[in-house]
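Data first, discussion second: the structure below is written as structure tokens.
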Amino acid sequence: MFDYKTKCSQGAKPFEIALLRTIQLGACVSSLWGYRGFGACCRFLKKFIPARALTIMLDDNSAFRIPFADPYWSMLLGGTEIYEPEIEDFLRSLKGEKYTLIDCGANYGYWSVLTSGKGYGLQRVIAIEPSSATFAILTENAAINGNRFICVQKAIGSRPGIARLSGRKHEARTVSTNADAHGESVDMIALDDLIDEVLVKTDEKIVVKFDVEGLEIAALSGAAKLLTQDAIVICEDHGSDRHHTVSQHILEKTGLKLFCHDAATGTFERVANVATLDRIKRFRNRGYNVFATASPYWEVKLGAVQRRINSGAMVRASTSPFAPSARSTS
């Protein structure tokens, strides 16, 4: 167990502590050049204790378990920057509200663990993850946090069906709806199915976070009913996509208002035309989260976050771990 606030570890042997310190140093140093080579270092160190798990105490109420030396999540140990800071600012600001987070492509459950915890207001969370291997760790994280969030093993698409998963990296699997594709077969649902299954009530306030490996447009198409509620969608528009495909679809096909956080100005900027993203998306090797909503309630909440940032009232916890939206772990 590793406490992020104190940087202290428990239950580790001296040899394991040495490996942990090596990973921490590697994360700090490699952050200077976009974490290139960090993944290879982690894979090498993992050979020494391949079956070990590491539980990171993200805060006093949130435990996050990962495989030891995981190339993606081990960057949390570096502590040099904040993971998806615009999402953290937004979700932390909602601590006094009540909503349901639908965490699509939840992976091991980082945001599910935090948002269902005391630091974020004990929100209701539905964590959706298609990969059976990743889902096993997601359910383990639910268990060690008192099963305070719901886990669903499904892929998200425009309609019910079957998807195929492929790829070695749990954070970057390929999801295909092609019946001839190879890989793990998994059931696919549309988000509107969650309403029909009474997992989501029609009068709830909803935050939907998409990390669905290129199926964002299909997922949005399958959420037409959901998005008529008091709902806000957070999804990635990657810096390498200079056509801003996801944002273009949101503006042209959904009727939602679009916002994107501009790190240079520190503002949540209204995006009326994708040309705005040419300026905001400065780096091709990272992801940019856009926020989309038709709800006046959520538009006001975004504005409130902006006012808190401008006034200096938004102080991020010094214990917030770092895992940038996109980075090289080769």
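Structural remarks
- All of Ala40, Ala12, Ala27, Ala53 fail the test of being out of contact with any strand residue (DSSP E or B) (no Cβ under 7 Å at 6 or more places or on another chain), surrounded by fewer than 19 Cβ atoms within 10 Å (Cβ to Cβ) and under 23 Å from His170 (Cβ atoms), apart from Ala40.
- Condition met for Ser74 (in contact with a strand residue (DSSP E or B) (Cβ under 6 Å, 6 or more places away or on another chain), buried (at least 21 other Cβ atoms within 10 Å of the Cβ) and not in a loop (DSSP other than H, G, I, E, B)): no
- Residue match in region 227-244 (condition: more than 25 Å from Val290 (Cα to Cα), touching a residue at least 12 places away in the same chain (Cβ under 8 Å) and not in a loop (DSSP other than H, G, I, E, B)): no
- The C-beta contact set for region 75-91 (first residue modelled with pLDDT of 90 or more, second residue among the hydroxyl-bearing types (Ser, Thr, Tyr), distance under 7 angstrom, 6+ apart or interchain) comprises Glu88/Ser320; Leu91/Thr115; Leu91/Tyr120.
- Among (1) farther than 30 Å from Gly34 by Cβ; (2) at pLDDT below 90 - the single one Arg284 does not satisfy: (1)
- Subset of region 168-210 that is part of a loop (DSSP other than H, G, I, E, B) and touching a Phe, Trp or Tyr at 6+ places or on another chain (Cβ under 9 Å) - its residue that is farthest from Leu302 (Cα to Cα): Lys169
- Looking across region 160-218, the residues that are surrounded by fewer than 17 Cβ atoms within 10 Å (Cβ to Cβ), within 20 Å of the chain's Cα centre (by Cα) and basic (Lys, Arg) come down to Arg168, Lys169.
- Scanning region 95-116 for residues that are crowded, with 24+ Cβ neighbours inside 10 Å and part of a loop (DSSP other than H, G, I, E, B) gives Gly105, Ala106, Tyr108, Gly109, Ser116.
The values are calculated or read from the model by the stated rules, or taken from the named source; none is laboratory data. A quick note: this is a predicted structure, and the numbers were derived from the prediction, not measured. Cβ coordinates were reconstructed from backbone atoms using ideal geometry, including for glycine residues, and neighbour counts include every protein chain displayed.
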